[in-house]
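Each reported figure results from applying straightforward, stated rules to the coordinates on display, with no laboratory input. For clarity, every value in this text was computed on a predicted model and none was experimentally measured. For neighbour counting, all protein chains shown are included, and Cβ atoms are generated from backbone atoms with ideal geometry for every residue, glycine included.
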């Protein structure tokens with residue numbers, strides 16, 4: 001998948017999840033749908049396209065999170081590399097494997113972001129570890145929705161990877 | 001050298017993408033987040049997308065409800081039941097209108113209680129109560145409507161938060177339960193002063209800087225003190241829960257149940273202009289530094 005397509009899709013998903021959460025529970029639970037794109041890139045994209053695409057998706061997450069920029073971008077690249085390593089070691093191409101990888105990835109991503117934020121925030125505004133419960137629910141919901149997004153991402157991929165008709169004429 | 005760079009270019013690119021953003025984060029982590037022109041352009045683009053999605057989802061929900069109702073009526077195939085169904089729908093629609101009316105009446109009551117305040121009504125179009133980032137609500141009004149950062153956002157029941165960032169057409173509100181939100185409050189009963197700080201969970205805050213000697217109990221109502229340069233005085237913030245007075249130390253601690261459930265908001269009021277108490281400082285508090293410390 002082209003990095004710019006990943007970026008546009010992340011923007012769309014971020015806007016979609018903000019609207020969805022408004023109508024479903026008003027934010028009682030949170031979602032991290034753009035991370036699904038990063039995991040997908042880790043499993044399917046090339047090194048350069050995937051890393052750049054993941055950084056762009058991370059930038060969107062950074063923008064939407066509203067805090068100082070950079071952390072989510074960097075963590076998205078880490079998640080991309082982790083997904084790549086996991087994809088090389090285990091079979092996670094199916095829907096279930098992808099959902100589990102997305103769920104675990106989302107939780108670890110949130111956990112590391114939380115720990116980093118705790119490390120750099122002044123003591124009075126440090127995020128509490130009680131937020132781990134919310135992170136866990138976020139990971140569960142994101143993992144559950146990820147197979148649907150995988151279908152969408154595969155379709156988008158197919159658009160870019162369609163065989164050039166001129167090649168058929170040469171055969 | 002060039003050969004080496006070419007050979008390891010992928011590795012170098014990944015390393016750059018890892019390290020540069022992290023360096024940027026550490027360089028800016030202690031300061032309030034600022035948005036560049038590019039950030040603002042991107043957020044300005046997402047605003048209409050959110051508005052459009054909100055419109056589509058509302059339309060789809062209404063259409064789905066209509067479809068279900070219609071199918072149900074066909075299945076029963078009795079004119080009387082169809083009529084009953086229609087009346088049911090009408091009634092639920094009326095209920096919805098009545099509830100909306102109630103909410104708007106409370107907002108109007110709030111507006112009429114202090115006519116010197118200049119208020120702007122806005123609808124919530126997006127929710128980002130993300131445990132990893134800030135707790136934000138997106139409003140369908142922005143700079144073009146006169147909204148600027150640090151403006152208080154309220155509903156009839158009390159404080160929602162303050163405007164964090166704006167684009168020409170939308171505004172992000174930092175809700176009171178965000179960990180960077182700190183509001184100067186008084187106990188309504190005893191007038192004792194303290195701060196209410198968010199915890200990052202939408203349904204809880206904590207009480208800070210409440211002197212051990214001050215008179216406060218579980219269930220006491222907290223109202224804004226008006227001394228933080230953001231909120232006017234007297235707006236409900238929440239109620240004290242689980243008050244703990246330790247054997248020693250200067251302060252007592254407590255949980256605060258916010259007066260407003262930020263997960264159930266549909267319309268809010270932005271206070272464009274508020275009356276200021278005489279003791280209010282002139283400068284607005286920065287994120288994470290708001291509130292007074294008695």
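Listed values, structure above:
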{"read-out": "At R0 = 60 Å, FRET efficiency that the Cβ-Cβ distance of residue B:243 and residue B:2 yields, to 0.05", "value": "0.30"}
{"read-out": "Shielding by other protein chains, A:121-127, mean Cβ within 10 Å", "value": "6"}
{"read-out": "Cα Rg over Rh - region B:113-189, Kirkwood", "value": "0.98"}
{"read-out": "Sites residue B:188 and residue A:88 - FRET efficiency at Förster radius 45 Å, r taken between beta-carbons, to 0.05", "value": "0.15"}
{"read-out": "For chain A, built as a Gaussian network whose Cα springs stay under 10 Å, the top-fluctuating residue of A:143, A:110, A:46", "value": "A:46"}
{"read-out": "Neighbour-count order for A:72, A:64, B:216, fewest beta carbons within 10 angstrom listed first", "value": "B:216, A:64, A:72"}
{"read-out": "Within region B:6-26, backbone nitrogen closer than 19 Å to the virtual label 7 Å beyond the Cα of residue A:119 toward Cβ", "value": "B:15-26"}
{"read-out": "For B:16, A:5, B:2, B:270, order by how many other beta-carbon atoms lie within 10 Å, fewest first", "value": "B:2, B:16, A:5, B:270"}
{"read-out": "Separation of alpha-carbon centers, region A:3-51 and region B:175-199, rounded to whole Å", "value": "35 Å"}
{"read-out": "Over the protein assembly as shown: Rg over Rh, Cα atoms, Kirkwood Rh", "value": "1.03"}
{"read-out": "Fewest-first ranking of B:166, B:58, using other Cβ atoms within 10 Å as the exposure measure", "value": "B:58, B:166"}
